[in-house]
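Peer 1: One structure, as structure tokens, below. Some questions next.
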Amino acid sequence: MSLNRITYASGAIALLSMMLVGCTHGGAPSETAETETPPAMVPTVYYSMTDIFQPAFQGYADTAFWVYNDEGELDASGLTEEQWDTMTTSAKELKETALLFSKAQAIRVAEEGEELFNEGKGFIPSEAVQSVIDENPDGFRAMMAYLANESQTALEALEARDAAGISEASDNIYAACKSCHVAFWYPGRR
């Protein structure tokens, strides 16, 4: 290799290095600069119930029903890969959303002025639900952490292809949802 080519290559590398340093907009970040990604936006409870929790629970529980064979015995051997994938995706959605709420500083029931599907039918309006959650946000977060934990248990049962674990997790997820509804969404009702 000739000296001119080596000089050209060295100069090009030096120029690229300077360009990269110049792209840091003020140099390297300081040691105190925050490097974590910002927390995910927490949806409203109402949106989560109708568009995430309910469909994901149905995806898991309705499919988990098929871990029983025609004789009513636990036997997951008849499940298709699509059914395994549906349950896994659903359990992940339940877990991820519940985790968001379990760590949320601000918990919003609904958007400003949004009417809940059951308002005027003997159930309390969104403002009243918000008040119930605001009175015990740590209790709400704890219920969400419990739902996330039960969803993780479901994921572990799915990974192990454990029919009994899948069925039990379905019951436990349902119980977690119902407990939260009774405590926060329909206080005083069963």
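Peer 1: Scanning for something within 15 Å of the chain's Cα centre (by Cα), of a type outside the set (G, A, S) and assigned to a helix (DSSP H, G or I), does segment 159-177 turn up at least one residue?
Peer 2: Yes, segment 159-177 contains a residue that is within 15 Å of the chain's Cα centre (by Cα), of a type outside the set (G, A, S) and assigned to a helix (DSSP H, G or I).
Peer 1: Here is a check on your reading of the model: is A128 hydrophobic (A, V, I, L, M, F, W, C) and either part of a strand (DSSP E or B) or out of contact with any helix residue (DSSP H, G or I) (no Cβ under 9 Å at 6 or more places or on another chain) (or both)?
Peer 2: Numbers: hydrophobic (A, V, I, L, M, F, W, C): yes; either part of a strand (DSSP E or B) or out of contact with any helix residue (DSSP H, G or I) (no Cβ under 9 Å at 6 or more places or on another chain) (or both): yes.
When the stated conditions are applied, A128 passes them.
Peer 1: Report yes if some residue within segment 162-181 is modelled with pLDDT under 95, buried (at least 18 other Cβ atoms within 10 Å of the Cβ) and not small (G, A, S); otherwise report no.
Peer 2: yes
Peer 1: If you don't mind, there's one more thing I want to ask. Look through G113, G165 and report the one residue that is farther than 16 Å from T50 by Cα and either among the aromatic types (F, W, Y) or out of contact with any Ser or Thr (no Cβ under 8 Å at 6 or more places or on another chain) (or both).
Peer 2: Going through G113, G165 in turn, just one is farther than 16 Å from T50 by Cα and either among the aromatic types (F, W, Y) or out of contact with any Ser or Thr (no Cβ under 8 Å at 6 or more places or on another chain) (or both): G113.
Peer 1: While we're here: All but one of (1) in a helix (DSSP H, G or I); (2) exposed (fewer than 11 other Cβ atoms within 10 Å of the Cβ); (3) at pLDDT below 95 hold for E36, so report the exception by its number.
Peer 2: In the conditions (1) in a helix (DSSP H, G or I); (2) exposed (fewer than 11 other Cβ atoms within 10 Å of the Cβ); (3) at pLDDT below 95, E36 misses (1) alone.
Peer 1: Give me a count of the residues in segment 133-152 that are surrounded by 18 or more Cβ atoms within 10 Å (Cβ to Cβ) and under 18 Å from the mean Cα position of the chain (by Cα).
Peer 2: 9
Peer 1: So L99 passes all but one of these: (1) outside any helix (DSSP H, G or I); (2) of a type outside the set (G, A, S); (3) within 24 Å of L147 (Cβ to Cβ). Which condition number does it fail?
Peer 2: (1)
Peer 1: Would you mention how many residues in segment 102-125 are in a loop (DSSP other than H, G, I, E, B), over 21 Å from the mean Cα position of the chain (by Cα) and either touching a residue at least 12 places away in the same chain (Cβ under 8 Å) or surrounded by fewer than 13 Cβ atoms within 10 Å (Cβ to Cβ) (or both)?
Peer 2: 11
Peer 1: Taking the residues in segment 82-101 that are surrounded by fewer than 17 Cβ atoms within 10 Å (Cβ to Cβ) and without any contact (Cβ under 8 Å) to a residue 60 or more places away in the chain as candidates, determine which candidate is nearest to P43 (Cα to Cα).
Peer 2: E96
The values are calculated or read from the model by the stated rules, or taken from the named source; none is laboratory data. A quick note: this is a predicted structure, and the numbers were derived from the prediction, not measured. Note: ideal-geometry Cβ built from the backbone for every residue, glycine included; neighbour counts use all protein chains shown.
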